[in-house]
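First up is the structure itself, then whatever we jot down about it.
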Amino acid sequence: MHSRKSSHAPTNPSSLRASHVPSPSSDEAHSQVDGRDDHQNSSMPQSSDIHEPEVEGDGIHPTLPDSASVRSSESQIAPDATLEPFHADLRTRLLNHQNWDAASCCGSETCNHGSFSPRPDTHRSYGSFASTRDGFGGRYPGGMSDYGGTADPTHSLLGDSVADGVLGGGKGKKMSTTQFLAKKYGVKNERTMYLAYYIPFFNWIRQYKWSYLRGDLIAALTMASFYIPMSLSYASNLGHIPPINGLYSFVFNPLIYAILGTCPQMVVGPEAAGSLLTGQVVRENINKGHVDDDDGRRNAEIAGITTSIAGGVILLAGLCRLGFLDSVLSKPFLRGFISAIGIVIFVDQLIPEMGLDDLARHVGGAAHGSSLDKIIFLFQNVKSAHGLTCAVSFGAFGIIMVCREVKRRLQPRYPAVAYVPDRFIVVVLSAVFAWAFHWENKGVDILGNIESKGQPFSVHFPFDFSHLKYASDAFSTSFIIALLGFFESSVAAKSLGTGGDQAGIQNVTLSANRELVALGVANIAGGLFMALPAFGGYGRSKVNASTGGRTPMSSIFLSIITVLCTLFLLPYFYYIPKGVLSAMISVVAYSLLEEAPHDIHFFIRIRGYSELLLMTLIFLCTILWNLKIGIAVGIGLSLLRVIRHSTRPRIQILGRVPGTSDKFENAELDPGRLEFVEGCLIVKIPEPLTFANTGDLKTRLRRLEDHGTGRAHPALPRVRKSENNKNLIFDVHGVTSLDGAGAQVLLEIVTQYRERGVRVFFCRVPSTRSDVWRLFEKSGIVDLCGGESHFVGGVEEALRLSEAETLIGEAGLVQSPEEVAEASGRA
């Protein structure tokens, strides 16, 4: 017997097995395996002796040891018992133990350490530790309700930040998990922790270093040289407001976002799409006769109303935690709409680039018509174009495009080329040439005296009662501006991250809801100064990151530089040709169209024809009619697709893999290989059940009953025998959540089956502490099925139980469900 034991024993037992032997949780079992006396065991360190974790200087972030130190500290034993004899003695004692198979839990029926077997309830297993030990975190067990929710209604309603940070938290069941972990790991300044989270300025300003200053300042100067002339273009050519109001978008919005934003390298400013939509609102009021085309002050007020409403919408969305809305708009919708905006902008800018502004104002519908109207106007009046204006505008466009391509090719080898302010140089040289060669007297339109069209930093309350007639026109467009702006900001923030991987600001967490709040506050403030809507732009933020910007201080520097330009450099903008500003916007329009061929090719390659159709419809509606029609069509079709996707149940009929008893797969995918179980219909529900996707659940189940598949047309008569539907097994492993409406529909389904004499079983139901089980129990589904015995751990167990009930029914025996379950378990 001893030789048999030795032949199975490992020659060189691993240190993991030797140092963490699984055993029963009693002290006696430890002493049997360990071979040490009780007084020796008492010298082992207790879990309550764990030292309090150290905390960093901010009193918020605990200094946790690395994994190696944790592992070494966990494996410490008494000083009088060294590891080397312990390994050897353990092996010897296991080999000499009369039940060494059971003691080592290997090779016997009582084995508990296999992949699918339960582990013994021990303090320490194979490299595993209890979740209550240091370094693992975990939920506060004392604050849980009976079904896994939060016991304290205050925390459920207000959240941890308000309940703990403002109201001071609670004790016992009223303590939140955040408060529990903060106390456990020595976080002392809980309110400061919440303050730094919701106002990130207090987080990153403490980490700011002098080494960041040079990169942030250079990045701000580079962005100012690019985007200050661009903001003048957006205001005058797209927004139809005084150019100075375009500068305000770079004064207030980047500053506020630097305080409240969660992406350190993102820079907020006006974008072409938002400026164009704002200009649409201004032009609508001009067409209605509410304002005059030359009344710059009134047009700026309308723009301020539009910006404020957009900011209010996005702020409200952030306070209501609607950050998930950035996933509503699909990529085809955005690509079709953005490509259409690129065409609209490009066509719009051709009129000032060719010197046809004055003529377009006098031709009905040309200045404020659709893109199609403007294209027809350009073809009809191309002979009236101003030669010098065309040469200056198209020359500037060509130079910027050439410089852009050269920088793109050289930047991988020479990163410093990104610092070359090519657009700023083009603007400065064009202004110098206009002054030196008197282009104004030769018919070239120049920017003129900006100060005469508006005093710097004048404040206007956007929601005055006298302006309600403008607000009604602006609201729908403001909503679209907010949605598009937030989506673009979200894309930029996710692409840039928090900057921590570049040795920048640490411990900053991206949050869609806090982004909404930051952008909302920034735009409300900008609306007070009649600025254009401003959001995070990916291209602008990449320029910031590539030129050395690591922290939000670059945004603050950009705001300061813009203030200085507004106060002292406005007279030097006098001679900037409007055609050059239009050429810069045309370059932006070209960049909006650049990615369209790639996306179109991608959808063609994967045969995504529905996406291509959506993209084409949005593009055509925007080009042929206007932006609002294109947006309405796009959002309507996108929402229909989302609703259709969410309301369609995805139930599956399962078949057994031949040669196995416990492996089941979707019979729809490989019907020729899988086999069906006689007398049983096995249905898998792989998704949460809500009011949205349970409405059609009965119909889908009926089709599985009749045809054994969901792909057959409902007109086909029943082909599946009713005898094969006597037992219905639901695999609900994917039902991670269930609402009241879904539970009601499920109860109706189970009731109908039970009335027809069909046995209903559920397998792989979530934990009895989950909300899913609570609804199963409270709705009566558990009792209707025959009690908890009809809720089993797997499909194989449900099949055994159904077979046992069938045999008992055929034999005419009457047994309780518990006895049937016990009998099926023995079988």
Output the peptides 793-802, 184-193 sorted from most to least packed, where packing is the average of other Cβ atoms within 10 Å over each peptide's residues.
-> 793-802, 184-193
Rounded to a whole number of µm²/s, how large is the Stokes-Einstein D of segment 205-640 at 37 °C and 0.692 mPa s, given Rh as the Kirkwood radius over C-alpha pairs?
-> 150
How much net charge surrounds Glu353 when only other residues with a Cβ under 13 Å from its Cβ are counted (Lys, Arg +1; Asp, Glu -1)?
-> -1
How much FRET efficiency would the formula 1/(1 + (r/R0)^6) give for Leu640 and Asp739, where r is the Cβ-Cβ distance and R0 is 30 Å, rounded to 0.05?
-> 0.85
Averaged over all directions, how much area does the convex hull of the C-alpha atoms of segment 648-826 cover when projected, in nm²?
-> 10.3
Top positive-direction residue, dipole computed over segment 205-640 with Cβ charges, set Ser249, Gly548, Ile629 | Gly548
On average, how much area does the Cα convex hull of segment 343-481 cover when viewed from any direction, in nm²?
-> 13.0
Counting only residues 5 or more places away or on other chains, whose amide H sits under 5 Å from the amide H of Gly169 once H atoms are built in the peptide plane?
-> Asp164
Count the net charge of all other residues whose Cβ sits under 13 Å from the Cβ of Ala391, scoring Lys and Arg as +1 and Asp and Glu as -1.
-> 0
Calculated from backbone phi, Karplus (6.51, -1.76, 1.60) coupling profile of segment 473-479 in Hz, x at Gly/Pro = 6, 8, 5, 4, 5, 5, 4
Where Lys and Arg each count +1 and Asp and Glu each count -1, what net charge lies around Lys407 among other residues with Cβ under 14 Å from its Cβ?
-> +4
How many nm separate the modelled label positions at Asp783 and His362, each set 7 Å beyond the Cα in the direction of the Cβ?
-> 8.7
How high is the FRET efficiency from Ser610 to Ala632, r the C-beta distance, R0 30 Å, rounded to 0.05?
-> 0.95
Links that overshoot a 25 Å alpha carbon limit, given the list Lys383/Lys578; Lys183/Lys494; Lys288/Lys442; Lys578/Lys628; Lys331/Lys628 = Lys183/Lys494; Lys288/Lys442; Lys578/Lys628
Lys, Arg +1 and Asp, Glu -1 on Cβ, resulting dipole of segment 585-724 about Cα centre, debye, nearest 20 = 440
For segment 276-286, Karplus-derived ³J(HN,Hα) couplings (6.51, -1.76, 1.60; θ = phi - 60°; whole Hz; x for glycine and proline) come out as 5, 5, 5, x, 4, 5, 4, 5, 4, 5, 5
Two-site label geometry, Phe568 and Thr709: point separation in nm, points 7 Å out along Cα→Cβ = 7.8
How long is the gain from Asp670 to Phe433 if the chain were fully straight, where each residue apart is worth 0.36 nm and the alpha carbon distance is subtracted?
-> 77.9 nm
Nitroxide proxy distance, nm - points 7 Å out along Cα→Cβ at Val657 and Tyr198 = 5.2
Applying the Karplus parametrisation 6.51 cos²θ - 1.76 cosθ + 1.60 with θ = phi - 60° to the phi angles of segment 798-808, what ³J(HN,Hα) value in whole Hz is obtained for each residue in order, glycine and proline being reported as x?
-> 5, 5, 4, 5, 5, 5, 5, 5, 5, 5, 5
On full extension of the chain, what length is gained from Phe136 through Phe457, given 0.36 nm per residue of separation minus the C-alpha to C-alpha distance?
-> 110.3 nm
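Bear in mind that the values in this text are calculations on the coordinates, not laboratory data. Given the structure is predicted, the values throughout are model-derived calculations rather than measurements. With ideal geometry, Cβ positions are generated from the backbone for all residues, glycine too; neighbour counts draw on all protein chains shown.
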